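Here is the structure we will look at, set down as structure tokens.
The values are calculated or read from the model by the stated rules, or taken from the named source; none is laboratory data. Worth saying up front: this structure is predicted, and the values here are computed from it rather than measured. So basically every Cβ, Gly included, is an ideal-geometry build from the backbone, and we count neighbours across all protein chains shown. Heads up: the accessible areas ignore ligands, DNA and RNA and are worked out on the full protein's heavy atoms, side chains in. Shrake-Rupley method; radii C 1.70, N 1.55, O 1.52, S 1.80 Å.
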Amino acid sequence: MGYEKYILDLTVTENVRLHTNYVLLKLTAPSPLPEMLPGQFAEIRVDGSPTTFLRRPISINYVDRQRNEVWFLIQLIGDGTRRLGEAKSGETINVMLPLGNSFTMPEKPSDKLLLVGGGVGTAPMLYLGEQLAKNGSRPTFLLGARSDKDLLQLEQFAAYGDVYTTTEDGSHGEKGYVTQHSILNKVQFEQIYTCGPKPMMMAVAKYAKSKEIACEVSLENTMACGIGACLCCVENTTEGHLCVCKEGPVFNINKLLWQI
């Protein structure tokens with residue numbers, strides 16, 4: 001939590017259109033990028049969009065130290081994210097990072113770590129998986145989407161662990177939701193990390209609780225300021241109302257007052 005925050009002008013090295021609704025934005029800096037942890041996020045300023053006044057909170061997808069790049073997987077939803085989706089190589093984007101807390105690393109390497117991502121919630125799972133693999137673990141990734149077109153970065157995930165998928169239409173992996181995947185009946189996991197739509201995270205948390213597995217969720221509450229000043233991302237917890245952008249976005253499920 002004690003990480004220093006930076007406001008940096010970063011340069012776009014690449015903007016990759018992964019899907020009609022998703023781009024992968026790669027940014028670099030003239031000096032080495034600051035230390036960033038899996039689960040942390042950035043607030044990205046959107047220039048050139050008259051309807052966008054607030055920065056956009058985007059998860060840190062990956063940090064490539066050799067190329068001094070930070071990656072952001074951006075879902076094109078409104079004017080702000082669409083403008084970011086049009087960013088060209090060489091363009092400057094102002095970014096405040098790293099914000100929030102991070103996922104808890106296991107004390108010893110383990111092959112029983114499950115990383116569950118849904119939709120754009122798969123983004124922080126890639127950097128988390130890479131860091132876990134670097135520490136000697138072999139994580140299992142369980143990624144859910146509507147159809148095969150919505151499953152992103154599968155090759156990158158496969159570099160760090162075993163990848164299982166579910167799609168609602170059955171076009172890739174097993175048909176259904178992540179909590180219905182057969183791997184959950186085959187492996188007794190020791191720790192679960194998840195990020196995605198709230199109903200999915202609640203279902204994963206319910207599964208974890210029923211099996212008495214430690215579980216951390218990365219919440220996606222609306223975060224306008226990123227520093228705990230505007231209070232629009234507050235979550236009710238066992239410790240009272242906490243700002244997700246400052247005290248989170250990662251929470252142990254035991255701290256949340258979810259009815260699961």
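Pairs of Cα atoms nearer than 8 Å and 6+ residues apart set the relative contact order; for segment 120-260 it is 16 percent.
Simple rule: put +1 on each Lys or Arg Cβ and -1 on each Asp or Glu Cβ in the chain, find the dipole, and look at 210, 48, 95; the Cα lying farthest toward the positive end is 210. Compared with the rule-of-thumb size 2.2 N^0.38 Å for a compact globular protein, segment 11-128 has a Cα radius of gyration ratio of 1.08. Working from label points 7 Å from Cα in the Cα-to-Cβ sense, the residue 66 to residue 169 distance is 3.7 nm.
Taken along the Cα-to-beta-carbon direction at a fixed 7 Å, the label points for residue 239 and residue 155 span 4.2 nm. For segment 182-223, the dipole from Cβ point charges (+1 on Lys and Arg, -1 on Asp and Glu) about the Cα centre works out to 180 debye, to the nearest 20. Its residues counted as N, segment 11-54 yields a C-alpha radius of gyration over 2.2 N^0.38 Å of 1.41. Taking all protein chains together and a 1.4 Å probe, the residues 8, 256 rank 8, 256 from largest to smallest accessible area. Taking amide H as placed 1.01 Å from N in the peptide plane, residue 14 has its amide H under 5 Å from the amide H of 26, each at least 5 places away in sequence or on another chain.
Any of 112/134; 112/209; 26/88; 149/206; 108/206 with alpha carbons more than 18 Å apart? Name them for me. Table pairs above 18 Å Cα-Cα are 149/206; 108/206.
Between the Cα long axis of helix 123-134 and the first principal axis of the chain there is an angle of about 70°, rounded to the nearest 10. Checking every one of the chymotrypsin sites (Phe, Trp or Tyr not before Pro) in segment 151-244 against DSSP loop status and a limit of 16 other Cβ atoms within 10 Å picks out 177.
Binning the alpha carbon pair distances of the chain at 5 angstrom intervals from zero yields the distribution 1, 6, 13, 18, 20, 18, 13, 8, 3, 1, 0, expressed in whole percent. Beta bridges from DSSP with both residues in the chain: antiparallel share about 60 percent, rounded to the nearest 5. When only the Cβ of Lys, Arg, Asp and Glu is charged (+1, +1, -1, -1), the dipole of segment 207-260 relative to its Cα centre reaches about 80 debye.
Taken along its three principal axes, the alpha carbon spread of segment 176-242 comes to 45, 26, 14 Å, from the longest extent down to the shortest. Computed from Cα positions, the angle between helix 198-210 and the longest principal axis of the chain comes to roughly 40 degrees. Just how large is the dipole of the chain about the Cα centre, in debye to the nearest 20, putting +1 at every Lys and Arg Cβ and -1 at every Asp and Glu Cβ? The dipole of the chain has a size of about 180 debye. Here the Kirkwood formula puts the hydrodynamic radius of segment 136-184 at 10.9 Å, using every distinct Cα pair. Positive end of the dipole of segment 136-211 (Cβ unit charges, origin at the Cα centre): among 153, 189, 136, the Cα lying farthest that way belongs to 189.
For the residues 86, 174, a 1.4 Å probe over the protein chains yields an accessible-area ranking, largest first, of 86, 174. Residues in segment 79-91 carry Karplus couplings, in order, of 4, x, 5, 5, 5, 4, x, 9, 4, 9, 4, x, 6 Hz; the curve used is 6.51 cos²θ - 1.76 cosθ + 1.60 with θ = phi - 60°, and Gly or Pro positions show x. With all protein chains in place and ligands, DNA and RNA left out, the 1.4 Å accessible area ranks 212, 14, 190, 91 as 212, 190, 14, 91, largest first.
Qualifying trypsin sites (Lys or Arg not before Pro) in segment 93-184, where qualification requires a DSSP coil assignment and no more than 13 other C-beta atoms within 10 Å, comprise 146. Within the full protein context, the accessible area of residue 19 is estimated at about 30 Å² for a probe radius of 1.4 Å.
A Gaussian network model of the chain, with springs between Cα atoms under 10 Å, assigns the largest mean-square fluctuation among 83, 138, 55 to 83.
Radius of gyration (Cα atoms) of segment 79-198, expressed as a multiple of 2.2 N^0.38 Å: 1.17. Coordinate range of the alpha-carbon atoms in segment 126-251 per principal axis, descending: 42, 31, 29 Å. For the pair segment 149-163 / segment 87-106, the C-alpha centres are spaced 21 Å from each other.
Annotation for segment 5-85: chymotrypsin sites (Phe, Trp or Tyr not before Pro) lying in DSSP loop with at most 11 further Cβ atoms inside 10 Å of their Cβ are 53.
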